[in-house]
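The values are calculated or read from the model by the stated rules, or taken from the named source; none is laboratory data. Bear in mind the structure is a predicted one, so any value in this text is a computation, not a measurement. Glycine gets a Cβ as well: all are built from the backbone with ideal geometry, and neighbour counts include every protein chain shown.
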Amino acid sequence: MSSLAVTEGHVSAAPADASRPKVIQPAWVRVMHWINAVAMILMIMSGWQIYNASPLFNFRFDHSITLGGWLGGALMWHFAAMWLLMLNGLAYLITGVATGRFRSKLFPITPRGVFADLKAALSFKLAHDDLTVYNSVQRLLYAGIILVGVVVVLSGLSIWKPVQLHWLVTLFGDYPAARYVHFACMSLICAFLIVHVALAILVPKSLRAMIIGR
């Protein structure tokens, strides 16, 4: 039912949805976002347990933050989460391109815009009034993490099937190089998650939007 508005002595009908909150995150974005979050956390924790079995550097991750209990268990968790991340990530990429969301939300990205917004963020002067518009730093981070996600999957596949996917291993240089690339991508994803969670705490309405959409 439409609401009524009085203007200059006349009664006119106003749209019923005029006072409704703006949809910031559509349902498909919210669902895929949380699936990706769960899949990434499972892959990171199980990946740390796999790393401990054959570390690249002179340290190991504490057992309390790993998943799987041992190498075999970690591999099962890792492969299960891998398929979840790959299928959900592919659906997210296709939907984001098909709906035009990536084009409108993530581009253009300019060095001048990134530096200006980064300076404003460091001085705590970056506005977050309109959550439907991403600033240049957000665009760079979100576009970058999508690229990192693609590389981490490809490097992971080359480590998983180095003989069958020898051409993919060659793309990274060799098998050890693919492992280093995979570890570097994992580190970047962890850094992104830390920044992402910190910003959600600093701007709680952005977290609310990712839960209820408005």
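Taking VAL169 as meeting all but one of (1) surrounded by 13 or more Cβ atoms within 10 Å (Cβ to Cβ); (2) in a helix (DSSP H, G or I); (3) under 17 Å from the mean Cα position of the chain (by Cα), write down the number of the exception.
Condition (3) is where VAL169 drops out.
Give the residue that is modelled with the highest pLDDT, with candidates limited to residues of region 116-149 that are exposed (fewer than 13 other Cβ atoms within 10 Å of the Cβ) and under 24 Å from SER187 (Cβ atoms).
The qualifying residue modelled with the highest pLDDT is LEU147.
So in region 153-209, with the set limited to residues that are of a type in the set (Val, Ile, Thr) and free of Cβ contacts under 8 Å to residues at least 24 places away in the same chain, which one is farthest from ASN58 (Cα to Cα)?
Among those that are of a type in the set (Val, Ile, Thr) and free of Cβ contacts under 8 Å to residues at least 24 places away in the same chain, it is ILE201.
Please give the number of the condition THR66 fails out of (1) at pLDDT 90 or above; (2) under 29 Å from THR132 (Cα atoms).
(2)
So which of ASN36, ASN52 is under 15 Å from the mean Cα position of the chain (by Cα), modelled with pLDDT of 90 or more and either among the charged types (D, E, K, R) or within 23 Å of ILE194 (Cα to Cα) (or both)?
ASN36
Just one of GLY96, GLY113, GLY89 is of a type in the set (Gly, Ala, Ser), surrounded by 15 or more Cβ atoms within 10 Å (Cβ to Cβ) and at pLDDT below 90; which is it?
GLY113 is the lone residue from the list that is of a type in the set (Gly, Ala, Ser), surrounded by 15 or more Cβ atoms within 10 Å (Cβ to Cβ) and at pLDDT below 90.
So for region 76-83 (the condition being farther than 26 Å from ARG30 by Cβ, at pLDDT 95 or above and not hydroxyl-bearing (Ser, Thr, Tyr)), does at least one residue qualify?
Yes - at least one qualifying residue is present in region 76-83.
Any residue that is farther than 19 Å from PHE192 by Cα, touching a residue at least 12 places away in the same chain (Cβ under 8 Å) and either within 20 Å of the chain's Cα centre (by Cα) or part of a helix (DSSP H, G or I) (or both) - is there at least one of those in region 137-149?
no
Looking at region 150-166 only, could you name the residues that are more than 21 Å from LEU188 (Cα to Cα) and either of a type outside the set (Val, Ile, Thr) or in a helix (DSSP H, G or I) (or both)?
Correct list: LYS161, PRO162, GLN164, LEU165, HIS166.
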